[in-house]
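The values are calculated or read from the model by the stated rules, or taken from the named source; none is laboratory data. For clarity, every value in this text was computed on a predicted model and none was experimentally measured. A quick note on method: Cβ atoms are made from the backbone with ideal geometry, for glycine too, and the neighbour counts reach across all protein chains shown. Areas reflect the complete protein model, heavy atoms only, side chains present, ligands, DNA and RNA absent. Shrake-Rupley method; radii C 1.70, N 1.55, O 1.52, S 1.80 Å.
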Amino acid sequence: MAAILPDLATQVLVPAAAVVGIAFAVVQWVLVSKVKMTAERRGGEGSPGAAAGKDGASEYLIEEEEGLNEHNVVEKCSEIQHAISEGATSFLFTEYKYVGLFMGIFAVLIFLFLGSVEGFSTKSQPCHYSKDRMCKPALANAIFSTVAFVLGAVTSLVSGFLGMKIATYANARTTLEARKGVGKAFITAFRSGAVMGFLLAASGLVVLYIAINLFGIYYGDDWEGLFEAITGYGLGGSSMALFGRVGGGIYTKAADVGADLVGKVERNIPEDDPRNPAVIADNVGDNVGDIAGMGSDLFGSYAESSCAALVVASISSFGINHEFTPMLYPLLISSVGIIACLITTLFATDFFEIKAVDEIEPALKKQLIISTVVMTVGIALVSWLGLPYSFTIFNFGAQKTVYNWQLFLCVAVGLWAGLIIGFVTEYYTSNAYSPVQDVADSCRTGAATNVIFGLALGYKSVIIPIFAIAFSIFLSFSLAAMYGVAVAALGMLSTIATGLAIDAYGPISDNAGGIAEMAGMSHRIRERTDALDAAGNTTAAIGKGFAIGSAALVSLALFGAFVSRAAISTVDVLTPKVFIGLIVGAMLPYWFSAMTMKSVGSAALKMVEEVRRQFNSIPGLMEGTTKPDYATCVKISTDASIKEMIPPGALVMLSPLIVGIFFGVETLSGLLAGALVSGVQIAISASNTGGAWDNAKKYIEAGASEHARTLGPKGSDCHKAAVIGDTIGDPLKDTSGPSLNILIKLMAVESLVFAPFFATHGGILFKWF
């Protein structure tokens, strides 16, 4: 029995959903741009309450009440915004030059390795899975895989760049809106995040869809070859994300650590004080690391989970019988996801208005819940309309009969596991709950106990997410083999537009607070932006939880596809070939973390020395009569991150190639399993430890509860201990932790792309024994 949805409807539905996503992003951007960056004369003679908002509340500015010069404030904000935007753009262009060079070299490697599988022959070959049919030559696979790689890489870079541009456009506008109230500022920051979320989800979908259709013109009925070539798209997306995440992470944390240690701990000046020479570099870093890096990272996850699902589907009944609609089931899920997220976003921006500071975090949490519930209904519809009632799925050489309701359960379990991981992350990193309050309390006895408590919290926070991931793997694999795991990962990423909106909201609010401080706005505005930022910190941790959870499922699905493609019947841990791979693979995340942590440390060292030099040698800097030299600090961060991102990137990209060529596919399968198992644990604990230390510091600074006030105020010994914890946590939560999820995905997708070469020519060393 065929699917209810006709092929023509699928051909229309997927691009239509992408167009709707892009249009929605444009609308949100237009709404954000209505916030003017020029001082306006207000009704009457600047009388408070001249302009009435849509809820009838008067829009008067705090400046009017406190008699500050509004014109100067706006001008300063505009100036600072321009400096941040310029710094971020110049860094990304420098980074992309190096990354572009790497992209060219790696594209040539893909072509040479895959082309040599059949000795660059142009004759048709028997198919890998159905030997009785003829497939396109390996040379065609090499050419199309290379094209897909470049497409994925360019889409990933453009996504990151656009996200950064939107964030730097919106940060000062959020600051200016904070003068009218916390609700206005929240909507501006959230809308800007939504622009990035929807642009990325829609562009990722539409580029993949166009690639499938264009490649299909050449491949015709050879769907096995077509979808094998498409895997290059995932490889391109993730390899760029790796450099974006590592480079951006080193940049942002070198500046952050340098600014905090000298400014807060030694000089006792507030965060984002304009006298601090590293303050512009710190704010630039939020955009290149947390926005551009995160955007590329989640795009990579999305591209890979789609590719993993499509590869397995192409050798199942969907591909063998050329059923177009069921074959594009992964893309249909993403299309419905865009619509579900669109409905969800309206709840935050239009249906409900935030009136008080304590409503911010619940509003963001509601976004996660609403999108998950709406998406569950969407998945049920797609599974009913887009799939036949029963079909077969490739399961390591055999075909397993599966029903459409079973696939619905696979996607739904991934979706809800993502929500659980999100909420557990929130529990361990938000200062509204006891774990972070305990960490803050431990600062009474100094930095050492703070570090001990923070590490313990991070290790403990791994437990529930791992059970959630384990349960979803078991259920989805039992129901639909590796295809089930791949669509479970897609389920977790199906609400990517909302996830990214919530995630990008954090750095935008952080920047807004920094701009308020630098422009010399009143403490009440700073309180509002701090509240937005604290909520953003927690949501950023939730976003990282999602990214790590989905990375675990994605890499397992890719691992399954690799094992099938490399014709390995079983991965037996007891054979020495596999076990050596396993133990080395488990070590790689540690090696990678060591590299990234040390990079942040050495870059921060240079930054601290420069900031100290300026404080000591520039007369009038502490008094605020002269300006610091911001440009030198920006240059230190840029140079350090470009130089330091190459070794960790090379480690991840070369490991599968070296192991595959010299030790063969069995050792490589062990390597992938080891890296997956240890990488997930370190990534979750590192992200949550760092997030908890950051929010423990903010808990003491805000002094919102009786307990917090006994630990504060800013500048107390307790607070200094908390700042040290926060500084140690910075590279954990923003460099090593988030980059690890790319490590496990990237090694798996790279192995899958090169699998034909490894299976034919790999294992040189073992052939001699």
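Between the range 95-119 and the range 489-561, what is the separation of their alpha carbon centroids in Å?
33 Å
Let me make sure I get this right: for the range 501-619, a, b and c are the square roots of the gyration tensor eigenvalues over alpha carbons, sorted descending. Under 1.5 in a/c it's rounded, otherwise prolate if a/b > b/c, else oblate. Which is it?
It comes out oblate by the Cα gyration axes.
Scan (1) 2, 9, 14, 16, 17, 16, 12, 7, 3, 2, 1, 0, 0; (2) 3, 15, 26, 26, 17, 9, 4, 1, 0, 0; (3) 2, 11, 19, 23, 20, 14, 7, 3, 1, 0 for the value of P(r) over Cα pairs in 10 Å bins from 0, in percent calculated from this model and give just the label.
Comparing each candidate, only (2) matches the computed number.
How long is the gain from N268 to F474 if the chain were fully straight, where each residue apart is worth 0.36 nm and the alpha carbon distance is subtracted?
68.9 nm
Would you pull out the residues with amide H under 5 Å of C135's amide H, same chain only if 5 or more places away, H placed 1.01 Å from N?
Q125, C127
In degrees, nearest 10, range 0 to 90: what is the angle between the Cα axis of helix 447-460 and the longest Cα principal axis of the chain?
30 degrees
For F243, F144, what's the largest-to-smallest order of accessible area, 1.4 Å probe?
F144, F243
Tabulate in residue order the Karplus-calculated ³J(HN,Hα) for the range 573-590, using 6.51 cos²θ - 1.76 cosθ + 1.60 with θ = phi - 60°, rounded to whole Hz; enter x for Gly and Pro.
Using θ = phi - 60°, the values come out as 5, 7, 7, x, 4, 6, 5, 5, x, 4, 6, 6, x, 5, 7, 3, x, 5 Hz.
Just to check I understand the Karplus step: with θ = phi - 60° and J = 6.51 cos²θ - 1.76 cosθ + 1.60, what whole-Hz values come out for the range 381-393, glycine and proline as x?
Rounded to whole hertz, the list is 4, 5, 5, 6, 8, x, 10, x, 5, 9, 7, 10, 10.
Give the long-range amide H neighbours of S316: residues separated by 5 or more places, or on another chain, with amide H under 5 Å away, using H modelled in the peptide plane at 1.01 Å from N.
The answer is F394.
Using Cα atoms only, what is the angle between the long axis of helix 523-565 and the major principal axis of the chain, expressed in degrees (0 to 90) to the nearest 10?
10 degrees
What residues qualify as long-range amide H neighbours of I269, i.e. H under 5 Å apart, gap of 5 or more or another chain, H built at 1.01 Å from N?
Those qualifying (amide H under 5 Å, at least 5 residues apart or on another chain) are K264.
Mind ranking 544-557, 351-364 by how tightly packed they are, going by the mean number of other C-beta atoms within 10 angstrom, highest first?
544-557, 351-364
Please name which of A721, P326, A470 has its Cα lying farthest along the dipole of the range 96-768 towards the positive end, using unit charges on Cβ (Lys, Arg +1; Asp, Glu -1) and the Cα centre as origin.
P326
Using alpha carbons only, how many degrees (0 to 90, rounded to 10) separate the axis of helix 665-702 from the longest principal axis of the chain?
20 degrees
Starting at the first residue of the range 309-322, write each ³J(HN,Hα) from the Karplus equation 6.51 cos²θ - 1.76 cosθ + 1.60 with θ = phi - 60°, in whole Hz, x for Gly and Pro.
5, 5, 5, 5, 5, 5, 10, 9, 4, 4, x, 5, 8, 6
Cα gyration tensor of the range 507-554, axes a ≥ b ≥ c as square roots of the eigenvalues: rounded (a/c below 1.5), prolate (a/b > b/c) or oblate?
prolate
Show me 317-324, 265-272 ranked by packing, highest mean number of other Cβ atoms within 10 Å first.
317-324, 265-272
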